[in-house]
Amino acid sequence: MVQSTLENTLTQENTLLTLENTFNIINSYYDIDPITMTQLWELNENNNKVRVYPENKINELIYYYDYNNRLICFELESIKFLKYYNIKTHPITFDPIPSNIFNNINCIDIIINDDIENIAANIFKSLKILSVNINYKLFLLLSNDNLLKLYYELNDFWKQNFTCSQKELIKENIGHTIIFNKQQSELKNNSLEKIQKYILIEMKLLLTCNIEEYKHMISYIIVCALSTVIPEINKDYPGFIYLNF
């Protein structure tokens, strides 16, 4: 495991980035982890920053100071995700992430090794951008047939609601050129958990897009696709099955 107290000094493109021995999470430039969407701090009634990130997990955070001397924090899961998909820049600023941060993490295949509940919980948390709160366990209860239907709907919504140029911009933004590339027949031969993880990772990749005009639309198509196989979504949030962009 990579510890947040790495003491080495990182040199990247002649810029010195130092990982401090101690840090205060409320000094993090962003209030959330941009990948897991986990809240790090928030403003109280007096407009003062207060930590909301669990105290017992702070030592697991990965952090560094960027070129503008801003404190940047990631959860370990996020760094593993970025490394697995060879994404080497911050998803918001596009500034390079110090290479030593990735070098100190063993090459871990998140599709094989990460716990399915953790992956699902974090991805469904990202959908709160639409002020919807979908229980990720409803996804985990889907049968193989419903997962294949969901995959078809996600793929179809992706193709029908973005132009070729928009899709290319999104792929460039998320640093991944292949989206929904598997055939249903290919997925069908996998175990339930492998199908779940493949779909979740595809959703996760799309949700890392930070192009303002597209990120809400991406969340909409994911919720719409989910609503075709999870009746509770239509009950709690009627209308998502119909796309009205």
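Structure notes:
- Asp156 falls short on exactly one of the conditions (1) of a type in the set (D, E, K, R); (2) in contact with a helix residue (DSSP H, G or I) (Cβ under 6 Å, 6 or more places away or on another chain); (3) under 20 Å from Ser227 (Cβ atoms), and that condition is (2).
- Across the stretch 102-117, the qualifying residues are those that are in a helix (DSSP H, G or I) and touching a helix residue (DSSP H, G or I) at 6+ places or on another chain (Cβ under 6 Å), and the one among them that is modelled with the highest pLDDT is Ile116.
- Only one entry of Glu172, Glu168, Glu212 meets the criterion of being closer than 21 Å to Thr36 by Cβ and surrounded by fewer than 16 Cβ atoms within 10 Å (Cβ to Cβ), and that entry is Glu212.
- Just one of the numbered conditions (1) more than 18 Å from Ser227 (Cα to Cα); (2) touching a helix residue (DSSP H, G or I) at 6+ places or on another chain (Cβ under 9 Å) is not true of Cys164: (2).
- Residue satisfying all of: in the stretch 167-178; hydrophobic (A, V, I, L, M, F, W, C) and modelled with pLDDT of 80 or more; nearest to Val229 (Cα to Cα) among these: Ile170
- Residues that are assigned to a loop (DSSP other than H, G, I, E, B) and over 18 Å from the mean Cα position of the chain (by Cα), drawn from the stretch 153-191: Phe162, Thr163, Asn181, Lys182, Gln183, Asn189, Asn190, Ser191
- Considering the conditions (1) surrounded by 14 or more Cβ atoms within 10 Å (Cβ to Cβ); (2) within 19 Å of the chain's Cα centre (by Cα); (3) touching a residue at least 60 places away in the same chain (Cβ under 8 Å), Tyr237 is excluded by exactly one of them, (2).
- Residue within the stretch 72-86 that is at pLDDT below 90, surrounded by fewer than 17 Cβ atoms within 10 Å (Cβ to Cβ) and not in a helix (DSSP H, G or I) present: yes
- In the stretch 123-152, the residues that are under 20 Å from Asp236 (Cα atoms) and in a helix (DSSP H, G or I) reach residues that are at pLDDT 85 or above and among the hydroxyl-bearing types (Ser, Thr, Tyr) with C-beta atoms within less than 6 angstrom, at least six apart or across chains, in these pairs: Phe124/Tyr136; Leu127/Ser219; Ile129/Ser219; Leu130/Ser219.
- Within the stretch 192-220, the residues that satisfy the criterion of being among the aliphatic types (A, V, I, L, M), assigned to a helix (DSSP H, G or I) and out of contact with any Ser or Thr (no Cβ under 6 Å at 6 or more places or on another chain) are Leu192, Ile195, Ile199, Leu200, Ile201, Met203, Leu205, Leu206, Met217, Ile218.
The values are calculated or read from the model by the stated rules, or taken from the named source; none is laboratory data. All values reported here derive from a predicted model rather than from experimental measurement. Every residue, glycine among them, receives a Cβ derived from its backbone with ideal geometry; neighbour counts consider all protein chains shown.
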